[in-house]
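S.K.: Structure incoming, see below.
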Amino acid sequence: MREGPADLYFVVHEHHASHLHYDFRLEMGGVFKSWAIPKGPSMNPAEKRLAIMVEDHPLEYGAFEGIIPPGNYGAGAVVIWDEGSYTLAEGGDPEKQLENGRFSFELKGKKLKGHFSMALLKGRGKGNQWLLMKKRDQEADPTFKLETALTEDKRQKLEVKIPPCEIDRGPS
């Protein structure tokens, strides 16, 4: 879903595992850099969201929707909450900015639009805790309310399957 040559893909999975969370994934270096966001992303600049960096995921995971069966890592329903393209706000190398612990980007999704930034929380946890922040721009929405994408009708249409990144890992 790229809009231009400099655009990269992003996807947000709504993941109904043991605890509902949202997996925020940015295409970078041939994989998805991924963060689990317990409260989900927000379009409200006043709401900073904790984003816990998790392992990279293969790009083919971007289209995944299904029910991960019990006994497998991440068991539960997974649906695409939002997707689109993104560009770096300051240009350059996204991996380098990530290494530096701070980067800004513009999302061009169906729900998430406009400028965002992420900052590593230094000296906390295992060095994998970040803040995802919506910047004040024309797309900001101070009345934003997170709404689930998984309806009962959609849940009934989901197939039970193992995500592409878990096929080699097996049950956990």
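The values are calculated or read from the model by the stated rules, or taken from the named source; none is laboratory data. Just so we're clear, the structure is a prediction, and the values are computed from it rather than from any experiment. Cβ: placed from backbone, ideal geometry, glycine included. Neighbour counts: every protein chain shown.
S.K.: Go through the range 38-47 and give me each residue that's buried (at least 20 other Cβ atoms within 10 Å of the Cβ) and of a type in the set (A, V, I, L, M, F, W, C).
M.R.: The one that is buried (at least 20 other Cβ atoms within 10 Å of the Cβ) and of a type in the set (A, V, I, L, M, F, W, C): 43.
S.K.: Moving to a separate point now. Which one is surrounded by the most Cβ atoms within 10 Å (Cβ to Cβ) among residues in the range 92-128 that are touching a helix residue (DSSP H, G or I) at 6+ places or on another chain (Cβ under 9 Å) and in contact (Cβ under 8 Å) with a residue 24 or more places away in the chain?
M.R.: 118
S.K.: Restricting the range 75-91 to residues that are surrounded by 18 or more Cβ atoms within 10 Å (Cβ to Cβ) and of a type in the set (D, E, K, R), which is nearest to residue 8 (Cα to Cα)?
M.R.: Top of the filtered list is 83.
S.K.: How many residues, within the range 68-112, are closer than 16 Å to residue 51 by Cβ, assigned to a strand (DSSP E or B) and among the polar types (S, T, N, Q)?
M.R.: 1
S.K.: Residues 166, 60: which one is out of contact with any Leu (no Cβ under 8 Å at 6 or more places or on another chain), part of a helix (DSSP H, G or I) and either modelled with pLDDT under 95 or among the polar types (S, T, N, Q) (or both)?
M.R.: Working: 166 fails: part of a helix (DSSP H, G or I).
Residue meeting the stated conditions: 60.
S.K.: Anything in the range 142-157 that is closer than 17 Å to residue 42 by Cα and surrounded by 14 or more Cβ atoms within 10 Å (Cβ to Cβ)? List them, or say none. So that I can check it myself, show each step before the final result.
M.R.: Taking the range 142-157 and keeping what is closer than 17 Å to residue 42 by Cα, we get 142-149.
144, 146, 149 - these are the residues of the range 142-157 that are closer than 17 Å to residue 42 by Cα and surrounded by 14 or more Cβ atoms within 10 Å (Cβ to Cβ).
S.K.: Okay, moving on. Does at least one position in the range 91-112 carry a residue that is aromatic (Phe, Trp, Tyr) and under 22 Å from residue 19 (Cα atoms)? Steps first, please.
M.R.: We begin by selecting, within the range 91-112, every residue aromatic (Phe, Trp, Tyr); these are 103, 105.
Now narrow it down to the ones that are under 22 Å from residue 19 (Cα atoms): none.
Among the residues of the range 91-112, not one is aromatic (Phe, Trp, Tyr) and under 22 Å from residue 19 (Cα atoms), which makes the answer no.
S.K.: Could you tell me which numbered condition residue 42 fails, if it satisfies all but one of (1) touching a residue at least 60 places away in the same chain (Cβ under 8 Å); (2) more than 16 Å from residue 147 (Cα to Cα); (3) among the hydroxyl-bearing types (Ser, Thr, Tyr)?
M.R.: Exception for residue 42: condition (2).
S.K.: Does the range 12-40 hold any residues that are within 10 Å of the chain's Cα centre (by Cα) and either within 17 Å of residue 134 (Cβ to Cβ) or not in a strand (DSSP E or B) (or both), and which are they?
M.R.: 12, 22, 24, 26, 35, 37, 40 - these are the residues of the range 12-40 that are within 10 Å of the chain's Cα centre (by Cα) and either within 17 Å of residue 134 (Cβ to Cβ) or not in a strand (DSSP E or B) (or both).
S.K.: I've got another one for you. Please identify the pairs in which a residue from the range 64-75 that is free of Cβ contacts under 8 Å to residues at least 60 places away in the same chain has its Cβ atom under 8 Å from the Cβ atom of a residue that is surrounded by 18 or more Cβ atoms within 10 Å (Cβ to Cβ) and in a strand (DSSP E or B), counting only partners at least 6 apart or on another chain.
M.R.: Between residues of the range 64-75 that are free of Cβ contacts under 8 Å to residues at least 60 places away in the same chain and residues that are surrounded by 18 or more Cβ atoms within 10 Å (Cβ to Cβ) and in a strand (DSSP E or B), the close pairs are 75/68.
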